Every structure is written in C-alpha cells, then in structure tokens.
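Undergrad: Just passing along the structure, written as structure tokens.
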Amino acid sequence: MRVEFDRDVCIGMFQCVAEWDAFEEDTDAGKAVLRDSEEVEDGVFAREIPEDEEFDAKFAARSCPVDAIAVYDDDGEQVV
C-alpha cells in the first residue's frame with residue numbers, strides 16, 4: 001500500500017498526527033509532514049506503508065477534515 005499527502009491542501013488540524021506516527025507537526029508552517037516521503041508532484045508527497053501500519057494509515061486518511069491524505073492498494077486503486 002501507498003499513501004499520498006497533499007501538503008497544499010493541509011490546513012494543520014494535525015488529526016493525522018494523532019492517528020499515525022508517520023505524520024508529524026510542522027508548527028512553523030502550520031501543516032503536517034509525512035516522514036520518509038518523497039515529493040511526487042508539486043506539494044504532493046508519497047511513501048510506502050509498512051504492512052503493520054496499514055490500519056493506522058487508513059485511519060489517518062479518514063480523520064483528515066480536508067481529504068489531504070489518500071491511501072492506495074498495491075494495484076493503484078484508491079481505498080481511502
């Protein structure tokens with residue numbers, strides 16, 4: 001599974017930080033940061049999700065009030 005995070009859409013509610021430790025707060029910018037990710041498009045960051053963290057990643061995506069986080073299965077289909 002893979003997660004994509006659109007930092008430009010993020011409004012800094014940091015609910016994702018509480019749900020999955022791959023996210024952390026950037027209080028200076030007022031936005032979350034997806035650790036160990038790479039920028040795949042302008043402002044969009046992606047990384048693979050370890051198998052034991054898939055539930056937390058999905059919950060983080062569901063908790064985002066502005067849908068800045070998307071989770072994709074191994075076939076590239078969006079699941080959250």
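The values are calculated or read from the model by the stated rules, or taken from the named source; none is laboratory data. Everything quoted here is computed from the prediction, not taken from an experiment. Reconstructed Cβ throughout: ideal geometry from the backbone, glycine too, with neighbour counts over all protein chains shown. We work out accessible area using only protein heavy atoms, side chains counted, and drop any ligands, DNA or RNA first. Shrake-Rupley method; radii C 1.70, N 1.55, O 1.52, S 1.80 Å.
Undergrad: With respect to D74, determine if the residue is in contact (Cβ under 8 Å) with a residue 60 or more places away in the chain and outside any strand (DSSP E or B).
TA: Considered against the rule, which asks whether it is in contact (Cβ under 8 Å) with a residue 60 or more places away in the chain and outside any strand (DSSP E or B), D74 comes out as yes.
Undergrad: Test A46 against the criterion of being open to solvent by less than 80 Å² (accessible area, probe 1.4 Å), closer than 15 Å to V71 by Cβ and not hydroxyl-bearing (S, T, Y), and give yes or no. Write out each step before concluding.
TA: Numbers: open to solvent by less than 80 Å² (accessible area, probe 1.4 Å): yes; closer than 15 Å to V71 by Cβ: yes; not hydroxyl-bearing (S, T, Y): yes.
Yes.
Undergrad: OK, next. Can you pull out the residues in region 62-71 that are open to solvent by 40 Å² or more (accessible area, probe 1.4 Å) and not aliphatic (A, V, I, L, M)?
TA: R62, P65, D67
Undergrad: A further question on this structure: What residue, among those in region 49-61 that are free of Cβ contacts under 8 Å to residues at least 40 places away in the same chain and closer than 13 Å to V79 by Cβ, is surrounded by the most Cβ atoms within 10 Å (Cβ to Cβ)?
TA: K58
Undergrad: Would you pick out the residues in region 18-43 that are assigned to a strand (DSSP E or B) and buried (at least 16 other Cβ atoms within 10 Å of the Cβ)?
TA: Across region 18-43, the qualifying residues are F23, K31, A32, V33, L34.
Undergrad: Which condition breaks for V3 when tested against (1) surrounded by fewer than 14 Cβ atoms within 10 Å (Cβ to Cβ); (2) within 13 Å of A68 (Cα to Cα); (3) in contact with a Phe, Trp or Tyr (Cβ under 8 Å, 6 or more places away or on another chain)?
TA: Going through (1) surrounded by fewer than 14 Cβ atoms within 10 Å (Cβ to Cβ); (2) within 13 Å of A68 (Cα to Cα); (3) in contact with a Phe, Trp or Tyr (Cβ under 8 Å, 6 or more places away or on another chain) one by one, V3 breaks only (1).
Undergrad: Which of (1) over 9 Å from the mean Cα position of the chain (by Cα); (2) over 18 Å from V80 (Cβ atoms) is the odd one out, the single condition V33 does not satisfy?
TA: All conditions are met except number (1).
Undergrad: For region 73-80, indicate whether the set of residues that are hydrophobic (A, V, I, L, M, F, W, C), open to solvent by 60 Å² or more (accessible area, probe 1.4 Å) and at negative phi is non-empty.
TA: Among the residues of region 73-80, at least one is hydrophobic (A, V, I, L, M, F, W, C), open to solvent by 60 Å² or more (accessible area, probe 1.4 Å) and at negative phi, which makes the answer yes.
Undergrad: Please list, ordered by first then second residue, the pairs with beta carbon atoms under 6 Å, 6 or more apart or interchain, first in region 17-41 and on the phi > 0 side of the Ramachandran plot, second part of a loop (DSSP other than H, G, I, E, B).
TA: G30/G12
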